[in-house]
Amino acid sequence: MLLRRALQLTKSLASKRHVSSHSQKFEAGDRVTYRHHSMPDKVWMTTPLREDKIANCNEGALHHTDIIGCRPRDILATNKGAEFRLSWPTLEEYVVKVPRLVTPIYPLDASVIVSLLDIHVDAGASPPLEIFEAGTGHGSLTLALARAVHAGNSHLPRPMTAEAKAQRGGIIHSLDRSSRHSRAARDVVRGFRRGMYSDNVEFYIGDPSEWMRSQLESRGMAANPEEEKIGEGFLYAVILDLPSPEEHLAAAAEALIPDGIVCVFCPSITQVASCISHARKHGLPLVLDKVLEFPGGGGTGAGLRAWDVRFAHVRARSDRPLSVAEAENAEDMTKNAEDMTKEKNYEMVCRPSSFENFVGGGFFGMFRRKSRVGEGAGTARNLKAIARRAEERAEAVKKKLAEAASVAEERSTGETASAGEAATIKETVIEGEDTVVEERIEESALEQSGITHRE
């Protein structure tokens with residue numbers, strides 16, 4: 001009986017460690033914002049509430065013991081008589097005010113990125129919707145992503161057991177090269193609303209490309225050309241918020257599902273341009289979707305501006321060098337990547353799109369993964385199909401040759417075939433061989449290379 005009561009109490013306490021927007025009372029361990037009653041623009045946030053702690057500001061001090069047990073919108077007075085209204089911190093307030101080691105992706109920017117990813121997941125979705133974030137940093141985007149996929153895990157009890165985690169419908173994999181940053185980000189996620197989103201995230205330390213490829217191997221999804229096996233993807237989206245993101249585009253393309261998303265978040269537009277050039281140079285199966293600018297602002301983000309980043313065909317009217325304006329207004333990239341590789345006078349254009357503003361810094365490039373079917377003559381599946389069709393054509397030629405020889409033999413009744421019949425046989429053989437050669441050339445022309453804008 002005592003054991004049963006203890007288990008019930010444990011479950012009750014565990015359920016109280018999570019909070020929703022309508023939770024009524026503040027408890028030990030919660031973070032609380034307190035806003036000046038007469039000057040609401042002055043806002044502070046407490047450390048996790050403990051009975052022996054004090055919240056200090058320039059208007060006096062509030063004892064944590066006085067805050068514990070209060071409700072949102074209650075008013076407390078400091079030892080100097082200043083009155084403050086208590087409330088739960090919003091996600092924006094929490095991200096901006098929580099202690100940090102690195103500059104965060106501010107809340108408005110993070111919410112826009114989540115919106116661009118267009119995440120939709122249902123409880124217990126199978127296979128789960130998985131997103132990989134390379135560059136955990138402060139954990140602000142991690143927290144926003146964890147909230148976005150929470151619907152896929154809302155049916156599971158918390159804290160989650162290993163068995164429950166195996167049933168998640170939405171998972172955020174967040175990796176950082178710094179163990180210190182990863183630990184701090186884990187604390188940031190766990191500290192918001194009693195850690196209600198923390199079970200949606202798995203934290204890792206290491207190299208992004210190595211992690212993605214090791215996951216493909218362990219899941220049995222990696223491509224194997226020797227066995228003519230095409231790889232499969234498992235990630236819905238990959239977010240690269242780290243230096244030299246182009247170095248990880250190839251691994252991201254391998255790990256993405258068809259139409260999956262690769263996002264690069266860079267401080268410079270030239271880094272986004274480098275990613276586009278890298279994808280084109282190495283023939284990665286990625287299609288550029290959009291390039292946006294996050295101008296930055298007063299600590300929370302300040303809007304978006306679209307950028308036109310593409311390869312333009314420079315048409316010189318004479319031997320004189322083109323001006324910047326002429327180069328930028330040159331022919332748009334309407335040719336496919338295969339045609340562009342044959343011409344050398346293509347240059348990268350980077351400029352803001354006219355009259356396209358979105359309602360915050362850095363530059364955001366978004367790619368989508370092409371279909372794995374028909375990726376080009378270089379894939380294992382297409383090589384096998386080309387070889388099979390070539391064998392079928394060769395067999396057809398042999399069959400025609402055998403039939404023609406049989407007819408000639410019957411007509412000649414044992415004598416040497418006439419010159420006309422010999423010519424017919426020769427023409428049949430040549431025609432058959434030409435058909436095989438033409439089909440090989442046609443199939444080889446299917447190979448895709450470079451990167452084109454999404455139509």
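The values are calculated or read from the model by the stated rules, or taken from the named source; none is laboratory data. All values derive from a computational prediction rather than experimental measurement. Cβ atoms come from the backbone with ideal geometry, glycine included; neighbour counts cover every protein chain shown.
Within region 176-234, count every residue that is assigned to a loop (DSSP other than H, G, I, E, B) and not polar (S, T, N, Q).
Residues flagged as assigned to a loop (DSSP other than H, G, I, E, B) and not polar (S, T, N, Q) within region 176-234 amount to 16.
Would a scan of region 264-283 turn up a residue that is buried (at least 18 other Cβ atoms within 10 Å of the Cβ) and at positive phi?
yes
Can you tell which of Arg219, Arg177, Arg158, Arg193 is in contact with a helix residue (DSSP H, G or I) (Cβ under 8 Å, 6 or more places away or on another chain) and among the basic types (Lys, Arg)?
Arg158
Within region 101-115, does at least one residue satisfy the condition of being surrounded by fewer than 16 Cβ atoms within 10 Å (Cβ to Cβ) and within 14 Å of the chain's Cα centre (by Cα)?
yes
Among the numbered criteria (1) of a type in the set (Ser, Thr, Tyr); (2) touching a strand residue (DSSP E or B) at 6+ places or on another chain (Cβ under 8 Å); (3) in the same structural domain as Asp207 (by TED's automatic domain parsing), which one does Ser126 miss?
(2)
Applying the selection to region 56-85, what residues are hydrophobic (A, V, I, L, M, F, W, C) and either out of contact with any helix residue (DSSP H, G or I) (no Cβ under 7 Å at 6 or more places or on another chain) or not assigned by TED's automatic domain parsing to the domain that holds Ala28 (or both)?
Within region 56-85, Cys57, Ala61, Leu62, Ile67, Ile68, Cys70, Ile75, Ala77, Ala82, Phe84 meet the criteria.
From the residues in region 151-168 that are part of a loop (DSSP other than H, G, I, E, B) and among the basic types (Lys, Arg), which one is surrounded by the fewest Cβ atoms within 10 Å (Cβ to Cβ)?
That would be Arg158.
Can you find even one residue in region 284-294 that is within 28 Å of Gly170 (Cβ to Cβ), β-branched (Val, Ile, Thr) and touching a Leu at 6+ places or on another chain (Cβ under 6 Å)?
Within region 284-294, not a single residue is within 28 Å of Gly170 (Cβ to Cβ), β-branched (Val, Ile, Thr) and touching a Leu at 6+ places or on another chain (Cβ under 6 Å).
List pairs: first in region 228-249 and in the same structural domain as Leu284 (by TED's automatic domain parsing), second of a type in the set (Val, Ile, Thr) and crowded, with 20+ Cβ neighbours inside 10 Å, Cβ under 6 Å, 6+ apart or cross-chain?
Cβ pairs passing all conditions: Tyr236/Ile131; Ala237/Ile131; Ala237/Ile261; Val238/Val262; Leu240/Val264; Pro245/Val264.
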